[in-house]
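Novice: I have a structure here, written as structure tokens, and I will follow up with some questions on it.
The values are calculated or read from the model by the stated rules, or taken from the named source; none is laboratory data. As the structure is a prediction and not an experimental result, all values here were calculated from the model. Cβ coordinates were reconstructed from backbone atoms using ideal geometry, including for glycine residues, and neighbour counts include every protein chain displayed. Just so you know, the surface numbers come from the protein's heavy atoms only, side chains and all, with ligands and any DNA or RNA stripped out. Shrake-Rupley method; radii C 1.70, N 1.55, O 1.52, S 1.80 Å.
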Amino acid sequence: MRQALSLTLAADEIKAIPSHREVLGAEVRLRAYWLGQAGFILDTPTARVVVDPYLSDSLAEKYRGKRFPHRRMMAPPIEAESLKDVDWVLSTHSHTDHLDPGTLPVLAQANPHCQFLLPKSAADKALERGVPAGRMTVCNSGDEITLLLREGDKDLDVFAIPAAHEERGYDEVGNDLFLGYILDTGGCKVYHSGDTVPFPELHQELSRFDIDLALLPVNGRDEDRRGNGIPGNLTLDETIDLARGQKIPFVIGHHYDMFDFNTIEPEWAERRIAELLPTGSGPGYRLAKTGVRYELRTRQFS
């Protein structure tokens, strides 16, 4: 007898994201909720990890009156102050929708034991944006970080790998500007790419891991956005190619439906997924939706 994982959705749409981490059944290896943009809650059997939460309107304030005003298309599915039991917050880079001054200090106050993991290159920005210095751990690509949990809970391992937000960038001392994280819960491995496009080192890094679930952006890129300071990401087609090439069994596509200049049309995306991945072929692919609970569950077969 051997074990495999399946990605399941809640039978009915959830009324609200639970504010507290719930006890997971013995067969559940991970429970995930989309917060919009690149943000996710990842509930493991021993911890609640939040990645790249953007739960404010700080970008609308920053870009008011500009060509791209960054008005939200979707309301936050939960208020930052209502999000409890958070053990760690992971930020992949310093862009405001990933390292949000309107979200992170609120989470820190609402969760006094919560710790923060972010790139070394983002440390100064994090301090400016209200991340408590004594609760901050920094890393660079190639690092393996143990997320220490409260006594009695099993610690989690995170592997930091490079990302390329159109290009792989570095700070003045050579630290990567953009990272992705592979979270090893002990029962599954989850890859959050951060903001990235395909690049050779990415495939080399991912080939070292047996990833069960990839959380990948789908908003793509073009010259107009790039020329106006909006670097792009993987296209939907590229996320499928990446998952196929790395034999990743499950994908949730995200980073859309937040800003009208930087999104894709969901109905088109669902048709494209069905076209590229007819039933039973390639990875199990879901387009992220709020009001849905995603679970990685153990299934056994002979």
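Novice: Quick check for me: using +1 on Lys/Arg Cβ and -1 on Asp/Glu Cβ, what's the dipole size of the chain about its Cα centre, in debye to the nearest 20?
Specialist: The calculated dipole for the chain is roughly 500 debye.
Novice: Next question, about the same structure. Just how many pairs of Lys in the chain have C-alpha atoms closer than 18 Å, counting pairs that are eight or more places apart or on different chains?
Specialist: 5
Novice: Follow-up question, since we're still on this one. Just by accessible area at a 1.4 angstrom probe, what is the order of MET258, MET73 from largest to smallest?
Specialist: Greatest to least solvent exposure: MET73, MET258.
Novice: So if I take the centroid of the Cα atoms in segment 32-86 and the same for segment 229-297, what is the distance between those two points in Å?
Specialist: 19 Å
Novice: How many percent of the accessible area of segment 77-123 is carbon or sulfur, using a 1.4 Å probe?
Specialist: Within segment 77-123, the accessible surface is 47 percent carbon and sulfur.
Novice: Let me cross-check LEU148: its accessible surface, 1.4 Å probe, with only protein heavy atoms counted, in Å² to the nearest 10?
Specialist: We get 110 Å² for LEU148.
Novice: What FRET efficiency, computed as 1/(1 + (r/R0)^6) with R0 = 45 Å and r the Cβ-Cβ distance, is obtained for LYS62 and ASP210, rounded to the nearest 0.05?
Specialist: Numbers: r = 40 Å, r/R0 = 0.89.
Here the calculated transfer efficiency is 0.65.
Novice: Per DSSP H run of at least 4 residues, take -39500 (n - 2.57); add these up for the chain, divide by its residues and hand me the 222 nm value, nearest 500 deg cm²/dmol.
Specialist: Value at 222 nm, helices only: -4500 deg cm²/dmol.
Novice: Can you give the % of DSSP beta bridges in segment 13-129 that are antiparallel, to the nearest 5?
Specialist: 60 percent
Novice: Which of THR298, HIS165, THR196 sits closest to the plus end of the dipole of segment 157-302, meaning its Cα is farthest towards the positive end, when Lys and Arg get +1 and Asp and Glu get -1 on the C-beta?
Specialist: THR298
Novice: With every protein chain left in place, what is the accessible area per residue of the chain in square angstrom, probe 1.4 Å?
Specialist: Heavy-atom accessible area per residue stands at 43 Å².
Novice: Let me ask you something else. By per-residue mean of other Cβ atoms within 10 Å, what is the highest-first order of 100-111, 163-174, 287-298?
Specialist: Numbers: 100-111: 20.6, 163-174: 15.6, 287-298: 18.9.
Ranked by mean Cβ neighbours within 10 Å, highest first: 100-111, 287-298, 163-174.
Novice: Next question, about the same structure. Give or take rounding to whole Å, what are the principal axis extents of the alpha carbon atoms in segment 152-302, in descending order?
Specialist: Rounded to whole Å, the extents work out to 54, 42, 29 Å.
Novice: A further question follows. Given a Förster distance of 22 angstrom, what is the FRET efficiency for ASP155 paired with ARG135, based on the Cβ-Cβ distance and rounded to 0.05?
Specialist: Result of the calculation: an efficiency of 0.85.
Novice: Next question. Quote the Stokes-Einstein diffusion coefficient, in whole µm² s⁻¹, for segment 117-214, based on the Kirkwood radius over alpha carbon pairs, a temperature of 25 °C and a viscosity of 0.890 mPa s.
Specialist: Rounded, D is 171 µm²/s.
Novice: Here's something else I'd like to know. Mind checking the full-extension length gain between ASP260 and SER82? Use 0.36 nm per residue of separation minus the Cα-Cα distance, one decimal, nm.
Specialist: 61.4 nm
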